[in-house]
Structure formats: structure tokens, C-alpha cells
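Okay, structure first, notes after.
Bear in mind that the values in this text are calculations on the coordinates, not laboratory data. Keep in mind that what you see is a predicted model, and the values were worked out from it rather than measured. For neighbour counting, all protein chains shown are included, and Cβ atoms are generated from backbone atoms with ideal geometry for every residue, glycine included.
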Amino acid sequence: MIEIEGITKVYGDYNAVDNVSLTVERGELAAIVGTSGSGKTTLMRMINRLVEPTSGVIRIDGRDNRELPDYELRRGIGYAIQGHGLFPHRSVAENIATVPKLLGWDRKRRDARVDELLELFHLEPEAFRDRMPHELSGGQQQRIGVARALAAEPALLLMDEPFGALDPIIRAKAQEDLIDIQRKFSTTVVLVTHDMDEAILLGHKIAVMHEGRLEQYAPAAEIIADPASAFVNELLGTGDKAFRMLSLEACENLVEQGPAEGEAIPASASLKDALAAALWSGRDALPVERDDKVIGRVTRDALIRRAAGPSS
Ligand SMILES: Nc1ncnc2c1ncn2[C@@H]1O[C@H](COP(=O)(O)OP(=O)(O)OP(=O)(O)O)[C@@H](O)[C@H]1O
């Protein structure tokens, strides 16, 4: 659990982060979102003390993060950044094993962990462990960057725009990987992004920053239905709200019995994807399937009704 209490960072006479308080529960993913220069990165870097706060306290699992020397604190916290930051003259395996080595893990344990992580990120260990970073694609480098951050099984992972530079397809894959890994290991994650769609997809809670202040900290559904300020509303984009609402729910929540023709949609697909498929294929209803078996249908009318805001 991370408790941020009244944290402020002043540069000159400018409050880059202004009296922010929020708590991230253990095993939760908090997405910090906001415009450029709103203080997202500064706030996150105060958690692992890459930036020292001007005032306020940050506690990690109940302990003030100033109790440990900063290098020791950072060994216990995974950190992944945009552009991955891999060591160019170290192999993939050496990069991933950086923190385990500092922590004194023996060779056998390090090698096993490297292979385990490569497999987790769908990179064949035999083919990848001895490559150098320049022998990888951008998307592969990015995955190695995240694997390195996870290597010592940190309970806490900080990610600063980790998928910012990826193309949309690789980005979607990397986001799925993160969701799987976060669930599997119950890692507490703080992720900085300027992309509201990414925040809604990944965040159990979303922190909206504006000019150093925290405008709202709440689950996505609450932020969409009840934005705390004009700025939050603007960031959500009024025109996109209906679709954002639909993106939060899976088809299985809207399944009904009845006829439907054509290609089925998976029960785990979002309502937004279902509406898109219905509109694109001109169908009034889509079959919904789970484990290759049709379990019912979703209708276009029901999807449209579900997209209506709270005031309608
Ligand atoms: N070391 C520094 N010295 C002076 N000002 C700084 C320093 N680091 C950040 N700032 C300022 O603090 C403000 C917040 O910066 P920060 O990097 O936290 O924003 P951000 O929300 O992460 O932005 P972006 O999305 O563009 O990365 C900015 O106005 C920035 O110029």
C-alpha cells in the first residue's frame, strides 16, 4: 500500500506538485493521467525518491520512504520508463538480471528468473537471452524494460508512459500483458500516462492531475459519470463519454437469449467493441460466445441504452 500525504514539490517559485494526497491499496493499479507538465512524473518519482519532496510524507506498507537509503528503497521498487532505458552494452539476460544481481541472487536463480520472464513476455528464451538491445525491435525492447522492472519480484512497480512509443497493436498486447502480470502477482502498480483510454483500461483507480493539483481520484466509472471539475470533464472529451462508459463493461453483462446471426463476439469483449461490431456489420444482434460455445446474444438497442449517461 502506498500512502501519499500532502506531498508538494516546489521548483523555484513553481509548485510542480501541490499538496497531493492519495492512497493506492495493495494489489491495485493506479493510473495518473493529466496534460503535459501537470506533475505526473514528479509525483511518481517522489515515491522511489528519484525526486525529493519539498514537504509531505510518502509511506510504503506503513513505512516512511525516507527510512531506507534511497538506493536500497529503489531496489525494492520496479521502475519502467518510456524508451525502456536498457543498458546498451549488456545482453537481454544481463539487463533483466540487474537488480537480482545487486540483491545477491546466485547465478542459477537469476538464469531461471530471466527465462521465466522472457516466457511470460512471449519471447523465446533460447533466441533472446543473449541478444543485445540493438538487436531487438522497439516493442521487444519495451517488454524487456518491463521484465527488468519485474525481475526481483517487486511488490511495487512504477511505470512512466511505458507504452507511449509503441504502435497501437503492440501497445494493446503490452497492456494485456500488464493486466495479466498484475493479476497474477498482485503487484501494486502506479502508472503515468497522458492517454485517458489507457488509464481507463488499466486503472482500478484514476488520479487526474492538473497544474500540480490532484483534481480527482476515483474508479473510472465514477470519473466518467461524475467528473469533479470542468478540467476532468474536458479531459474525458464529452463526445467520447458514451464509448468510454461502454468500454468499462464486458459483453457477458448484457447477454440475453434470442436469435443472432453471423460471427460471434467473445463474452469478455467490451460493450464498446460489441457496438462497433454491430454497427460495422449492420446487424441488430451479435451472438456471444464463451469457450467456443454461444451463450446468447447482445442487441444493438441494448448496447445503445447502456451507453446513455446518468442524466438521461
Ligand atoms: N528538475 C526540474 N527543475 C525545474 N522544473 C521542473 C523539474 N522537473 C520538472 N519540472 C517542472 O515541473 C512541472 C511538472 O513536470 P512533470 O515532468 O512532473 O510533468 P508531467 O505531467 O509528467 O509532464 P509530461 O506528461 O510532459 O511528462 C513542469 O512544469 C516541469 O517543467
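Points to keep in mind about this one:
- Judged by the ratio a/c of the largest to the smallest principal axis of the C-alpha gyration tensor, the chain counts as oblate, that ratio being 1.5 or greater while a/b is no larger than b/c.
- The label-point distance for Lys293 and Glu153, in a model that sets each label 7 Å from Cα toward Cβ, rounds to 3.7 nm.
- Pairwise label distance in nanometres, Ala308 with Lys173, each label 7 Å out on the Cα-Cβ vector: 4.2
- Simple label model, 7 Å out from Cα along Cβ direction - Glu211 to Asp180, nm: 4.4
- Counted residue by residue at 0.36 nm each, then reduced by the alpha carbon distance between them, the extension gain from Asp195 to Met1 reaches 67.4 nm.
- Three-way shape call for the stretch 116-242 based on the alpha-carbon gyration tensor, with the a/c threshold at 1.5: prolate
- Rounded to whole Å, sorted largest first: equivalent-ellipsoid semi-axes of the stretch 170-242, Cα gyration tensor: 23, 14, 11
- With a cut-off of 17 Å on the backbone N, the residues of the stretch 151-184 near the modelled label site 7 Å out from Arg109 along Cα-Cβ are 151-155.
- Here the chain carries DSSP beta bridges of which approximately 55% are antiparallel, counting only pairs with both residues inside.
- CD proxy at 222 nm, helix term only [per DSSP H run n ≥ 4: -39500 (n - 2.57); per residue of the chain; nearest 500]: -10500 deg cm²/dmol
- Packing, taken as the mean count of other beta carbons within 10 Å per residue, orders the peptides 173-181, 7-15 from highest to lowest as 173-181, 7-15.
- Between Ala228 and Leu248, the FRET efficiency estimated from the beta carbon spacing at R0 = 22 angstrom works out to 0.75.
- Cβ crowding within 10 Å ranks Thr54, Thr188, Thr41 as Thr54, Thr41, Thr188, fewest other Cβ atoms first.
- Remark: the Ser268-Asp64 segment gains 69.4 nm on full extension, using 0.36 nm per residue and subtracting the alpha carbon distance.
- For the stretch 176-312: rounded, prolate or oblate by the Cα gyration tensor [a/c cutoff 1.5]: oblate
- Between the stretch 25-56 and the stretch 230-286, the Cα center-to-center distance that results, in Å: 32
- Greater than 30 Å apart at Cα, pairs in Lys173/Lys293; Lys173/Lys272; Lys40/Lys184; Lys173/Lys241; Lys9/Lys173: Lys9/Lys173
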